[in-house]
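Report on one structure; see the data block that follows.
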Amino acid sequence: MDRKSFIKASMLIPFLGMEIKDFEDALGENVLMEKMPVLFVGHGNPMNAIMPNEYSKKWKAIGEQLPTPKAILCVSAHWQTRGTQITAMPKPKTIHDFGGFPKSLFEVEYPAPGISSALAQKTIEAIKEVHVTKDFEWGLDHGC
Amino acid sequence: MFPKANIPTFQLSLDYLSKPEIHFKIGMQLQSLRQKGVLIIGSGNLVHNLGKLSHENKPHDWAIEFDELAKNKILEGNFASLVGYKGLGKAASLSIPTNEHYLPLLYTLALKQSSDSLQFFNESIDMGSISMRSLLIGA
């Protein structure tokens, strides 16, 4: 082995003996990135989701300006529970949690995937203030 | 915001029984997720009183007053007084008749570090009693 390939091979040593899952973690969610921004969004009328207006135009512009996140965590006014929970299902359903709006709004689907179990676990571990449980029933409500 | 719907997304619930201080502390503890590439979004409304909607779209004086007061507290970095919103007078109690739309703001504020920039957007009051004021932190 020449010097160059020896150095290359030795770079893999830290990963030897890792489970595949850990290896993915090391490449994925464990890698420290530049801090993501944080948002508070006044969502208001559910119709803002489908009406092109000053609010939704700004949402679109902000989405284009932000770095692409690895995941999105939404703390919505519309999910109140007994105890603190996080959604942990692979395919969260779109929840149309309102009444008296046009059919077109009820037809909106937001089929974003759910998160990895590793990220769910990390979130639960990060929150030391309260005990957090995983939920498999909710989905993404109109606040999200 | 992300119309392709291709980014893994999850929600954190609001415990009915937790006090505002607890919501703020939970928010602070989410800080490490920012460095893992997680975009945290609080979604609600700073002023939200559906019983006082105005069909003429004219903002109530108390809605303007509390929206402005909250804006100034945010700019001063005085988040503790926003956590203790119940001590902020009549405009606050009319703006926050129930706190589920207000609490997501506390999560966002809890995540602001001194080095983070702060920008407001959608600074208006819709239908008389809904503040659309939004915040972008650390961008």
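Determine the shielding of peptide B:118-127 by partner chains: average, over its residues, the number of Cβ atoms on other chains within 10 angstrom of each Cβ.
Per residue, the average neighbour count from other chains is 4.
Place a +1 charge on the Cβ of each Lys and Arg in chain B and a -1 charge on the Cβ of each Asp and Glu, then give the dipole magnitude about the Cα centre in debye, rounded to the nearest 20.
My answer is approximately 380 debye.
Given a cut-off of 24 Å, what percent of all Cα-Cα pairs of the range A:19-140 lie beyond it? Write down the numbers at each step before the final one.
On the way: 2895 of 7381 pairs.
Tail of P(r) above 24 Å: 39 percent of Cα pairs.
Provide the gained length on full extension for the span A:Met51 to A:Ser117, in nm with one decimal, where the gain is 0.36 nm per separating residue minus the Cα-Cα distance. List each step's numbers first, then the result.
Details: separation 66, 0.36 × 66 = 23.76 nm, distance 3.49 nm.
Result: 20.3 nm gained on full extension.
Please report how far the C-alpha centroid of the range A:30-77 lies from that of the range A:115-142, rounded to the nearest whole angstrom.
If we compute the Cα centre of each part, the gap is 20 Å.
Of all chymotrypsin sites (Phe, Trp or Tyr not before Pro) in the range A:65-144, which ones are in loop regions per DSSP and have a Cβ with at most 16 other Cβ atoms within 10 Å?
For chymotrypsin sites (Phe, Trp or Tyr not before Pro) across the range A:65-144 that sit outside H, G, I, E and B with at most 16 neighbouring Cβ atoms in 10 Å, the list reads A:Phe98, A:Phe136.
Quote the FRET efficiency, to the nearest 0.05, computed for B:Ala5 versus B:Lys71 with a Förster distance R0 of 45 Å and r equal to the Cβ-Cβ distance.
Result of the calculation: an efficiency of 0.90.
Could you work out how far apart the two model spin labels at B:Ser54 and B:Ser81 are, taking each label as a point 7 Å from the Cα in the direction of the beta carbon, and quote it in nm?
Using points 7 Å along Cα→Cβ, the separation is 2.5 nm.
Determine the calculated [θ] at 222 nm for the protein assembly as shown from helices alone, applying -39500 (n - 2.57) to every DSSP H run no shorter than 4 residues and normalising by the residue count; nearest 500 deg cm²/dmol.
Only helices count here, giving -8500 deg cm²/dmol.
Determine Rg/Rh for chain B; Rg is computed over alpha-carbon atoms and Rh is the Kirkwood hydrodynamic estimate from the same atoms.
That ratio equals 0.96.
Within the range A:30-135, report the GluC sites (Glu not before Pro) that DSSP leaves as loop and that have at most 12 other Cβ atoms within 10 Å.
Here the GluC sites (Glu not before Pro) that fit, given the DSSP loop and packing criteria, are A:Glu34, A:Glu107, A:Glu109.
Kyte-Doolittle cut-off -1.0, length cut-off 18 Å along the helix's own axis using Cα: show which whole DSSP H helices in chain B pass.
B:61-76
Considering the alpha-carbon set of the protein assembly as shown alone, what are its Rg and its Dmax in angstrom?
Calculated on Cα positions, Rg and Dmax stand at 20.4, 80 Å.
Every read-out reported here was derived from the displayed coordinates using simple, explicitly stated rules and does not represent laboratory data. Note that the structure is a prediction, hence the values are computed from the model and not measured. Note that we place each Cβ from the backbone using ideal geometry, even for glycine, and neighbour counts take in every protein chain shown.
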